[in-house]
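Since the structure comes first, as structure tokens, the remarks are kept for the end.
The values are calculated or read from the model by the stated rules, or taken from the named source; none is laboratory data. Since the model is a prediction, treat every value here as computed from it, not as a measurement. Methodologically, a virtual Cβ is constructed for each residue, glycine included, from the backbone with ideal geometry; neighbour enumeration extends over all protein chains shown. Accessible surface areas use protein heavy atoms only, side chains included; no ligands, DNA or RNA. Shrake-Rupley method; radii C 1.70, N 1.55, O 1.52, S 1.80 Å.
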Amino acid sequence: MCGIVGLFLKDKSLEPELGALLSSMLVTMTDRGPDSAGIAIYGDASGNNAKITIQSANPKKDFAGLEAELGQAVGAPVTIQVKSTHAVITLAKDLLDTGKAAVSELRPNIRIMSSGDAIEIYKETGLPKDVVSRFAVNSMAGTHGIGHTRMATESAVTTLGAHPFSTGSDQCLVHNGSLSNHNNLRRELKREGMTFETENDTEVAAAYLTAEMAKGKNLGQALEGAVDDLDGFFTFVVGTKSGFGVVRDAIACKPAVMAETDQYVAFGSEYRALVNLPGIENARVWEPEPATVYFWDHQKVA
């Protein structure tokens, strides 16, 4: 049993409150998963810079001097903002892949949580309230975000095992459920060139969507494929640079509720995750249908 939340803002005036709203939603789901928690925040993607969010079990050692060393390695200025065990590296967009390779070379013990124009992922073991406080998520602004609080059932309680999982640029996924064909699918995806850091079935689901979108599909189309290709019980909430999607398996035994107003679209494992959102009393509230893809994109929202 896990708790998942998501918030896609239509109203730009709410963007400064995204972190606070999403944090409140996630903390409400604490009893669904007290082992670990994580949040992905999508911020302003304009400009010429990209971001790499990194994590270290020994941040004092691993982050020391990294800014200067990384700048020298990529041949251009970079900045690093440290947030507890995580740090956000900002660099030119055209240096993103070079920067990721340099991080791995310079600091083999560092793990890359996410990369892209807009995404930042923060996740750790512990209660949601402690995780969001540790990374000051309440103060973060953005356009959309997703969150997860985990009760581990099939793999260890570790930072890498926490959600969200990101396997592509500006892409991430959170999951409540269990996949039964993830081992076979992992082998297929490895043959296609995907790499994995955990044995978690959710990482396989994220990699599946990344691989499908690399073939030219948008998020909605990739999620439609997931309904046919992934076996098991699942509810997915997925983020891309400008999009937000939800899908449940054909049986849909994992709880889910959605709400939509002129200001936002919201998802929660339970309705209580949504009760503190502005204007929720006037929202259209519904349970997502089985095997049905719900997909919103800022590029298509007027």
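Here are a few things to note about the model shown:
- 14 Å beta-carbon shell around L18, net charge (K/R +1, D/E -1): -3
- Applying the Karplus relation 6.51 cos²θ - 1.76 cosθ + 1.60 with θ = phi - 60° to segment 226-240 yields 3J(HN,Hα) values of 4, 4, 7, 9, 9, 9, x, 9, 7, 10, 10, 10, 10, x, 10 Hz, where x marks Gly and Pro.
- Entry comment: accessible area of the chain is 41 Å² per residue, from protein heavy atoms only and a probe of 1.4 Å.
- For segment 199-302, the Kirkwood estimate of hydrodynamic radius, built from reciprocal distances between every pair of different alpha carbons, is 14.5 Å.
- Taking a ≥ b ≥ c as the square roots of the eigenvalues of the alpha-carbon gyration tensor, segment 1-138 is classed oblate because a/c is 1.5 or more while a/b is no larger than b/c.
- Set of lysines near K10 by C-alpha distance (under 30 Å), chain-local residues within fewer than 8 positions excluded: K51, K83, K93, K123, K129, K215, K217, K241, K254, K300
- When its C-alpha radius of gyration is set against 2.2 N^0.38 Å (N residues), the chain gives a value of 0.94.
- Computed log₁₀ I(q)/I(0) - Debye formula, equal Cα scatterers, no solvent, segment 118-257, q 0.15, 0.21 Å⁻¹: -0.73, -1.45
- Rounded to the nearest 500, the 222 nm mean residue ellipticity of the chain from helices alone is -7500 deg cm²/dmol, with -39,500 (n - 2.57) taken per DSSP H run of at least 4 residues.
- With Cα atoms, 0 to 90° folded angle of helix 201-214 axis to the chain main axis: 80 degrees
- Surface composition of the chain: carbon and sulfur atoms hold 48% of the protein heavy-atom accessible area at a 1.4 Å probe.
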